[in-house]
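Data first, discussion second: the structure below is written as structure tokens.
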Amino acid sequence: MLYTKYIVRKFERALLYKDGDFYAFLAPGTYRYLTLNAAYVLERYDITKPEFTHRLSDFLIESEPKLVSEVFDVVETCVDEVALVYINDQIQAVIGPAERKMYFKGFVKFKVERYDLNAGLAVEKRVARLLVSSTSGNVKAIARNAVVGRIVPEGHVGLLYVDGEIAASLGVGLHAFFNVDRAVSIDLVDMRVKTLEVQGQEILTRDKVALRINLSATYQYVDASLAIQKLKDPMDHLYKEIQFGLRAAVGTRTLDALLEDKTSIDKQVADSLGSRFSDVGISVKSVGVKDIILPGDMKELLAKVVEADKVAQANVIRRREETNATRSLLNTAKVMENNTVALRLKELETLERVTEKVGSLSVYGGLDSVMDGLVRLK
């Protein structure tokens, strides 16, 4: 009754307290302690779960270094260092700067990889794939808390932000960076040629006609980091500048000039955008007016104008042809007046046309009677 018996199993380790103070660290075995004048308390730990988390961790490391070195692997990092802990070749933890953790020695394969943050935040490809592409829930949780990773697809560029500043442009592929003691993020920017539709801009022409114009522009990022640094919202800025350029181009022209030459608007708007956006890393490839929409009453008025114009053109053509025909007849009459042979040929031509569709023809008194009007047609 004066002794207390403790059994520590092979897969366990234990901390023994005497009168509330740390007394001993127990390896597997059987122990008896006299409890007449002292109170003992035992804390057991399953070493199949290697990480040792305890309120006395720092105390044990400082006061019992020999004991700790026999039982634990201690991982301690500097203020600018990160450590990856592998248990049985699986990432178990990412230890941030100025931290320490303890792991039981025993049945597991233990390995530590250290990274100097002063040399860069990038995680090497091998480790990045393990952290970002792992199907393990534990590894995903570790990566989510300690690493920022992203795959940059073809035709895109990644912008790396560290503490709110653009630190680098990332090419195609998988990229990962330590997100410990710093705020790290990655944004994707599409570098391919894209189309921006500017819909329904109602603008007054120089002759005060209200038009609605739909316009399409194509653009491409040339320097994504420069564009993001210079412009808060590049696409919104481009949209508004196209609107302003379109208003300037339309407001200086009459309706007739716009309808006759829409390409002049395209050129003026494109020229106004080109130099300004090339300075901020965006190339405006082309600008084109898709539709010019007139008010309903203006459509009817223009239709009447077009109809009147076409009627006038038709009348001019008809009169010109009539004049030409009359002039031709007059010339023919003058020729026949002075030339009996020509007159005779014309008579024969007329006779031929008359008799083309006649079934039968009776002539009395010779051919002269035909020419003198004595022809009887059946």
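Table for the structure above
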item	result
Quarter of the Cα convex hull surface for the stretch 1-51, i.e. its orientation-mean projected area (nm²)	3.6
Within the stretch 194-294: Cβ-based charge dipole about Cα centre, in debye rounded to nearest 20 (Lys, Arg +1; Asp, Glu -1)	120
Alpha carbon Rg of the stretch 194-294, scaled by the compact-globule rule 2.2 N^0.38 Å	1.10
Violating pairs (Cα-Cα greater than 18 angstrom) within the set LYS10/LYS101; LYS10/LYS105; LYS18/LYS105; LYS267/LYS290	LYS10/LYS101; LYS18/LYS105
Along principal axes, Cα extents of the stretch 68-190, largest first, whole Å	55, 30, 19
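None of the figures in this text is laboratory data; all of them are computed from the coordinates on show. Every value quoted in this text rests on a predicted model; they were computed, and no experiment measured them. Backbone-built Cβ (ideal geometry, glycine too); neighbour counts: all protein chains shown.
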